[in-house]
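The values are calculated or read from the model by the stated rules, or taken from the named source; none is laboratory data. Owing to the predicted nature of the structure, the values given are computational and were not obtained by experimental measurement. Here the Cβ positions follow ideal geometry from the backbone for every residue, glycine too, while neighbour counts run over all protein chains shown. Just the protein is used for accessible areas: all its heavy atoms, side chains included, with ligands, DNA and RNA removed. Shrake-Rupley method; radii C 1.70, N 1.55, O 1.52, S 1.80 Å.
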Amino acid sequence: IHPGYGFLSERAELAAACVDAGLTFIGPPAEVIARMGSKLEARRLMEAAGVPCVPGARPADQSIDALRAAAAEVGYPLLVKASAGGGGKGMRTVDAPETLDLALGAARREAEAAFGDGTLYLERRLLRARHIEVQVIADAHGAVLHLAERECSLQRRHQKVIEEAPSPIVSPLLRRRLGAAAVAAARAADYRNAGTIEFLVEGEDDEARFYFLEMNTRLQVEHPVTELALGLDLVHLQLDVAAGLALGLRQDEVVPRGHALECRIYAESPERDFLPQAGPVLRYREPSGPGVRVDSGIREGDEITPDFDPLLAKLIVLAPSRALALARARQALADLVLLGLHTNVGYLRRALAHPDVQRGAFHTGWLAEHHDELTMSTPDLDDLAAVVAAAQRRLPAALQRSRASAAPPSVVEAADPWTALGAWRG
Amino acid sequence: MAERSPDDWVAQRRTDGAWELTRTTTAGHDRRLAHAVTDEDGAVWVSLDGEVVVVPGIELVRRRAVAAGSLEAPMPAQVTAVLVAPGDDVGEGATLVLLDAMKMELPLTAPRAARVTAVHCAVGDRVAPGRALVDLDHQASPA
């Protein structure tokens, strides 16, 4: 059984149940999942192995009083995180002590609902840090390799939006240091099969400082950027390892052959504070061409409901350089057609066109800082009128009204239920 | 130079359902590719070279003009908490109802200080967009 990368993929119980049933679980052993699945345990293991960690506190006493005291030690700003968490769920940012209690309550409720476990821990929030992770793979014969890094700093509320490999600020020396730390972490965990070590990085290139954040004992959503950048099939390697084969790969053979970039296409409306969207996929056309890959979970005619994660598809491109990869991704997003529900495609295109992103100068808070710029769009209303007229053989009065009021036609008049929603936590 | 108007563009439907827009000006030829599709509410979804815009149908705009003071569900969701009862006075920004959608918590808040006149939902209800959840009377609250 290959558990993918959903909620069951990091449940030790599933791995153990496979063993009991005489099935092969494609991933690490159950006890490794359990150990690394507890963020607290993982940190203890890393500290013992000499891997630097983010300053934090892991109180065994989970009462509000104990957590308050721990927060005072860790210092502000800090993050409240769910021990059993992932994907940004059960996580809250706290800038000052006054908002701590509220954040603890909300994080605990969310963690209990999503993972059945409300255990919390605290971590100092490093400012303007980058999220850089290293792919590792280990076989049953003692070989542990790193497969270079992925740059995942373009995140929103701790959910990744755009990822790339290699990172624009990782020099060959830093790559060796990150790789060595990741391999040390994997060995300390007795790891087997594919996994990822996540780091927070301050600074750039040779002088950068990095800290262990957590280990994901599964394949990640963004694994295709590693596949394209290195010319490897990670899932195939996972199957080989699970079958007991030796990895026929040497560390010095792991060399990037280009630059890969992934855009996650979400059913959400960035203009309405990223409110998840539901609706029918009335039209869907994928972009294609050299260096363009689309991993999609949807088809034209599907009904998108709020019962699932809002990720609809992943667009991944490969090009000889980072600049060409950015250009290829922008063109592919322009060629993509997805109608019937709102998505973040326009937001993605604006992000890729931004000078900071073009230069590779961003950090984990960048998308939040530039939210207003990324959600302002100015569609050409004259061209649109021509299309709508041709499609409907009339010019809708609504378009006339919108043009007169200089508002984009996507704004619905009258009492707007979106404005009633408070700060949406996702 | 003549002002651009929608009539300058010639739209031709392609066999795959897309629209090819062409225009000839003194500067040369322009070509844009668009997709347009109508949803069940009569709104037209248009994708023009990657930019998506929704043009609401007239009927949709009329139907959405709700009675003042009624807060509706903005999207399909499940009610996880009802924090007010009829007769309560609430301040601006007060959380009235908690909704769950895509495993995330969304608070529905009061746009202005008001008195709750009616509650139309209960914990566990699955609500569709447009479903009225809480009625507020903005005049009745003590400013």
So A:Asp309 fits all but one of (1) at pLDDT 95 or above; (2) open to solvent by 60 Å² or more (accessible area, probe 1.4 Å); (3) among the charged types (D, E, K, R); what number is the exception?
-> (1)
For the range B:107-130, name all the residues that are of a type in the set (D, E, K, R) and part of a strand (DSSP E or B).
-> B:Arg115, B:Arg126
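Regarding the range A:5-21, can at least one residue be identified that is closer than 22 Å to A:Ala106 by Cβ and in contact (Cβ under 8 Å) with a residue 24 or more places away in the chain?
Step one: list which residues in the range A:5-21 are closer than 22 Å to A:Ala106 by Cβ, which gives A:7.
With the extra rule that they be in contact (Cβ under 8 Å) with a residue 24 or more places away in the chain, the set shrinks to A:7.
Checked against the condition, which is being closer than 22 Å to A:Ala106 by Cβ and in contact (Cβ under 8 Å) with a residue 24 or more places away in the chain, the range A:5-21 yields at least one hit.
If I ask for residues that are under 24 Å from the mean Cα position of the chain (by Cα) and open to solvent by less than 10 Å² (accessible area, probe 1.4 Å), which ones from the range A:86-102 would you list?
Of the residues in the range A:86-102, the ones under 24 Å from the mean Cα position of the chain (by Cα) are A:86-95.
Residues satisfying the conditions are A:Gly88, A:Gly90, A:Val94.
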Please verify whether the range A:349-361 includes one or more residues that are part of a helix (DSSP H, G or I), open to solvent by 10 Å² or more (accessible area, probe 1.4 Å), touching a Phe, Trp or Tyr at 6+ places or on another chain (Cβ under 9 Å) and among the basic types (Lys, Arg).
-> no
Which residues, counting only those in the range A:103-140, are surrounded by 18 or more Cβ atoms within 10 Å (Cβ to Cβ) and among the small types (Gly, Ala, Ser)?
-> A:Ala103, A:Ala107, A:Ala111, A:Ala114, A:Gly118, A:Ala129, A:Ala138
Positions within the range A:239-256 being in contact (Cβ under 8 Å) with a residue 40 or more places away in the chain, within 28 Å of A:Pro290 (Cβ to Cβ) and in a loop (DSSP other than H, G, I, E, B), in sequence order = A:Leu249, A:Val254, A:Pro256
Leading residue by the ranking (nearest to A:Ile169 (Cα to Cα)) among those in the range A:193-233 that are out of contact with any Phe, Trp or Tyr (no Cβ under 8 Å at 6 or more places or on another chain) and part of a loop (DSSP other than H, G, I, E, B) | A:Glu204
Counted residues in the range A:252-270 being over 30 Å from A:Leu336 (Cβ atoms) and touching a helix residue (DSSP H, G or I) at 6+ places or on another chain (Cβ under 8 Å) come to 2
Would you confirm whether any residue within the range A:117-130 is touching a residue at least 12 places away in the same chain (Cβ under 8 Å) and in a helix (DSSP H, G or I)?
-> no
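Return the residues of the range B:84-104 that are over 23 Å from A:Ile304 (Cβ atoms) and either more than 10 Å from chain A (Cβ to nearest Cβ) or charged (D, E, K, R) (or both); say none if nothing qualifies.
Quick first cut of the range B:84-104, residues over 23 Å from A:Ile304 (Cβ atoms) only: B:84-97.
Within the range B:84-104, B:Val84, B:Ala85, B:Pro86, B:Gly87, B:Asp88, B:Asp89, B:Val90, B:Gly91, B:Glu92 qualify.
Confirm whether A:Gly301 is more than 14 Å from chain B (Cβ to nearest Cβ), outside any helix (DSSP H, G or I) and more than 17 Å from the chain's Cα centre (by Cα). Talk me through it step by step, then tell me what you get.
Values: more than 14 Å from chain B (Cβ to nearest Cβ): no; outside any helix (DSSP H, G or I): yes; more than 17 Å from the chain's Cα centre (by Cα): yes.
No.
Please indicate, with yes or no, whether at least one residue in the range A:271-287 is part of a helix (DSSP H, G or I) and either within 14 Å of chain B (Cβ to nearest Cβ) or over 30 Å from A:Asp205 (Cα atoms) (or both). Spell out the reasoning first.
Start the filter on the range A:271-287 by keeping residues that are part of a helix (DSSP H, G or I), which leaves A:271-272.
Checking which are either within 14 Å of chain B (Cβ to nearest Cβ) or over 30 Å from A:Asp205 (Cα atoms) (or both) leaves us with A:271-272.
Scanning the range A:271-287 turns up at least one residue that is part of a helix (DSSP H, G or I) and either within 14 Å of chain B (Cβ to nearest Cβ) or over 30 Å from A:Asp205 (Cα atoms) (or both).
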Residues of the range A:171-182 being small (Gly, Ala, Ser) and surrounded by fewer than 19 Cβ atoms within 10 Å (Cβ to Cβ), which ones?
-> A:Ser171, A:Ala180
From the options A:Leu104, A:Leu40, residue that is in contact with a strand residue (DSSP E or B) (Cβ under 8 Å, 6 or more places away or on another chain) and either at pLDDT below 90 or over 24 Å from A:Thr364 (Cβ atoms) (or both) = A:Leu40
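Can you tell me which residue is least open to solvent (accessible area, probe 1.4 Å) among those in the range A:145-163 that are basic (Lys, Arg) and at negative phi?
Across the range A:145-163, the extreme among qualifying residues is A:Arg150.
Okay, residues lined up against (1) more than 27 Å from A:Arg128 (Cβ to Cβ); (2) open to solvent by 20 Å² or more (accessible area, probe 1.4 Å); (3) of a type outside the set (A, V, I, L, M):
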{"site": "A:Ile169", "(1), (2), (3)": "no, no, no"}
{"site": "A:Ala184", "(1), (2), (3)": "no, yes, no"}
{"site": "A:Ile197", "(1), (2), (3)": "no, no, no"}
{"site": "A:Glu204", "(1), (2), (3)": "no, yes, yes"}
{"site": "A:Glu214", "(1), (2), (3)": "no, yes, yes"}
{"site": "A:Val225", "(1), (2), (3)": "no, no, no"}
{"site": "A:Ala229", "(1), (2), (3)": "no, no, no"}
{"site": "A:Val235", "(1), (2), (3)": "yes, yes, no"}
{"site": "A:Gly244", "(1), (2), (3)": "yes, yes, yes"}
So which of A:Ala414, A:Ala407, A:Ala385 ends up being away from every other protein chain (no Cβ under 11 Å), under 22 Å from B:Thr38 (Cβ atoms) and at pLDDT below 95?
-> A:Ala407
